[in-house]
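I have a structure I would like to understand better, so I am pasting it below and will then ask my questions one at a time.
The values are calculated or read from the model by the stated rules, or taken from the named source; none is laboratory data. What you are looking at is a predicted structure, and each value in this text was computed from that prediction instead of being measured. Cβ sites come from the backbone with ideal geometry, for glycine too, and all protein chains shown count toward neighbours.
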Amino acid sequence: MSEKTAGQSIEETAGGRRRAIKTLGGIALASLLPAPWVRAASTVKIGYVSPQTGPLAVFAEPDAYTLAQVKRALAGGLRIGGQNYAVEIIYKDSQSNSNRAAEVTADLILKDKVDIVVAASTPETTNPVADQCELNGVPCVTNDTPWQPHFFGRGGDPKKGFEWTYHFFWGLEDIIGVYANLWEQIPTSKTVGALWPNDSDGNAWGDGKMGFPPVLQKKGFKLVDKGRYQSPSDNFSTYLNEFKKSGVDIVTGVVPPPDFANFWSQAGQQGFRPKIVTVAKASEFPAAIEAFGDRAAGLSVEVWWSPAHPFRSSLTGQSSAQLAADYTKASGRQWTMPLAFKHALFEVAVDALKRAEGKNPAAIRNAIRQTNLPTMVGPVNFRTGPVPNISKTPLVGGQWTRKGKNLELVIVENSQAPMVPVQGKLVPIA
């Protein structure tokens with residue numbers, strides 16, 4: 001596949017997603033959520049920020065489905081502090097841009113007067129959203145950013161934490177453990193080529209103290225790191241030449257789908273054939289994987305959630321397998337990892353609102369702080385650490401495997417989360 005074709009495929013896929021959620025983007029879901037028969041003296045407003053457009057739009061693919069589920073679950077409103085409230089959700093597009101994420105969050109707080117904000121999908125979204133909420137004293141729940149880029153990337157102090165903002169996801173220690181144990185499954189040169197962009201994720205993952213380099217060195221891997229690249233990028237020749245010269249058998253990174261499409265296309269053109277490619281962001285989603293064609297088979301990635309995860313929703317009662325199947329039935333698409341985390345955002349928000357002693361910000365914040373909830377992505381408890389305001393979720397590793405016409409993500413590594421069953425073994429890329 002040429003660079004142009006790969007890029008076009010991803011843009012066409014993203015365009016389809018944008019059309020699918022266009023009717024929801026940027027509108028208040030008052031017309032959807034509070035059923036007309038709900039007798040409520042007032043309304044509780046939830047602000048939701050997501051990258052509906054731009055290079056991270058693949059993260060927002062499940063949004064329309066998730067919001068429809070929330071509509072059904074909250075059709076009767078919520079009882080908060082002894083009073084009934086209708087529910088209104090105001091949905092904003094970050095456009096995959098941190099400045100825009102901050103702007104729309106400020107609008108939610110200052111113009112729409114939301115009571116709580118939820119957001120997900122990489123530091124480009126979660127960090128500016130949380131910062132605006134912290135600045136304005138508004139309760140906020142986020143996920144889908146490793147906790148270190150989220151907490152430390154916002155200047156978090158482990159001795160104090162934050163006042164208004166809470167986050168649940170796995171950490172760099174988990175993904176490093178998953179990747180390293182994954183790579184030990186087959187013989188390689190143990191030489192790893194790094195693709196880390198010059199952004200919050202890339203700088204955290206490549207950090208010489210808290211990121212991949214020190215752990216890989218301890219485990220006997222040699223790291224070939226040409227430094228951070230500027231995203232978006234359409235030319236990876238320098239990296240490919242260095243990887244080939246250094247005998248790289250393993251490629252890793254945290255790369256937006258369009259960038260990886262360019263890299264992987266150029267790798268094929270230039271005859272670079274690693275045994276293992278484990279790249280976050282780019283190879284997490286069926287919609288992005290489809291654009292790589294036959295070259296997608298064998299790619300591996302961390303798995304935050306799958307139908308095999310042994311968890312249930314506190315909001316709908318669905319199992320992981322049931323949520324995935326229902327999503328496929330409703331959308332015609334394969335399950336995708338953000339599906340469960342978008343769902344869990346509303347699980348945590350709704351649970352906190354139900355337990356709050358009132359609708360005022362402090363009461364909602366106090367309820368979030370005391371969260372101890374089984375969710376679709378595992379237990380969420382903000383008192384468990386590893387630093388204040390953070391709850392960790394489990395992480396495993398998977399490989400895209402051809403099964404008939406489809407590529408399916410098979411769990412092949414569970415050292416960090418043994419409660420999730422392994423479904424196969426890692427095999428080298430053909």
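Among the strands (runs of 3 or more DSSP E) confined wholly to the range 339-416, which include 2 or more residues that are of a type in the set (G, A, S) and within 19 Å of the chain's Cα centre (by Cα)? Steps first, please.
Details: elements: 372-375, 378-381, 396-403, 406-413.
Correct list: 396-403.
Further, regarding this structure: State all residues of the range 211-244 that are touching a Phe, Trp or Tyr at 6+ places or on another chain (Cβ under 9 Å) and of a type in the set (G, A, S); if no residue qualifies, say none.
Result: G211, G227, S233.
Can you spot a residue in the range 218-236 that is surrounded by 14 or more Cβ atoms within 10 Å (Cβ to Cβ), touching a residue at least 40 places away in the same chain (Cβ under 8 Å) and of a type in the set (V, I, T)?
No, the range 218-236 has no match at all.
Let me ask something additional. V251 is checked against (1) under 30 Å from R365 (Cα atoms); (2) assigned to a strand (DSSP E or B) and fails just one. What number does that condition carry?
(1)
Report, by residue number, each residue of the range 207-225 that is of a type in the set (A, V, I, L, M, F, W, C) and either within 12 Å of E173 (Cβ to Cβ) or part of a strand (DSSP E or B) (or both).
Filtering the range 207-225 down to residues of a type in the set (A, V, I, L, M, F, W, C) leaves 210, 212, 215-216, 221, 223-224.
Those that are of a type in the set (A, V, I, L, M, F, W, C) and either within 12 Å of E173 (Cβ to Cβ) or part of a strand (DSSP E or B) (or both): M210, F212, V215, L223, V224.
Let me ask something additional. In the range 84-106, which residues are over 21 Å from L135 (Cα atoms) and touching a residue at least 60 places away in the same chain (Cβ under 8 Å)? Let's see the steps before the verdict.
Step one: filter the range 84-106 for residues over 21 Å from L135 (Cα atoms), giving 84-89, 95-96.
Within the range 84-106, Y85, E88, I89 qualify.
Here's something else I'd like to know. Taking strands (runs of 3 or more DSSP E) that do not extend beyond the range 113-206, which have at least 1 residues that are farther than 15 Å from P386 by Cβ and in the same structural domain as V251 (by TED's automatic domain parsing)? Can you show your working first?
Details: elements: 116-120, 140-143, 165-168, 191-195.
The strands (runs of 3 or more DSSP E) meeting that bar are 191-195.
Turning to a different aspect of this structure: Only one of these is at pLDDT below 95 and over 27 Å from A282 (Cα atoms): I27, I46. Name it.
Of I27, I46, the one residue that is at pLDDT below 95 and over 27 Å from A282 (Cα atoms) is I27.
Would you be able to tell me the number of residues in the range 286-322 that are among the hydroxyl-bearing types (S, T, Y) and part of a helix (DSSP H, G or I)? Give the steps one after another, and end with the answer.
Taking the range 286-322 and keeping what is among the hydroxyl-bearing types (S, T, Y), we get 300, 306, 313-314, 316, 319-320.
Next cut, part of a helix (DSSP H, G or I) only: 320.
Total satisfying the criteria: 1.
Same structure again: Output the number of residues of the range 110-135 satisfying the condition of being surrounded by fewer than 19 Cβ atoms within 10 Å (Cβ to Cβ) and either in contact (Cβ under 8 Å) with a residue 12 or more places away in the chain or under 20 Å from A60 (Cα atoms) (or both).
Within the range 110-135, the subset surrounded by fewer than 19 Cβ atoms within 10 Å (Cβ to Cβ) is 110-113, 134-135.
Okay, now just the ones that are also either in contact (Cβ under 8 Å) with a residue 12 or more places away in the chain or under 20 Å from A60 (Cα atoms) (or both), so 110, 112-113, 134.
Count: 4.
Okay, next question. Output the residues belonging to the range 324-338 that are part of a helix (DSSP H, G or I) and out of contact with any strand residue (DSSP E or B) (no Cβ under 9 Å at 6 or more places or on another chain). Steps first, answer last, please.
Applying the first criterion (part of a helix (DSSP H, G or I)) to the range 324-338 yields 324-331, 338.
Within the range 324-338, A324, A325, D326, Y327, T328, K329, A330, S331 qualify.
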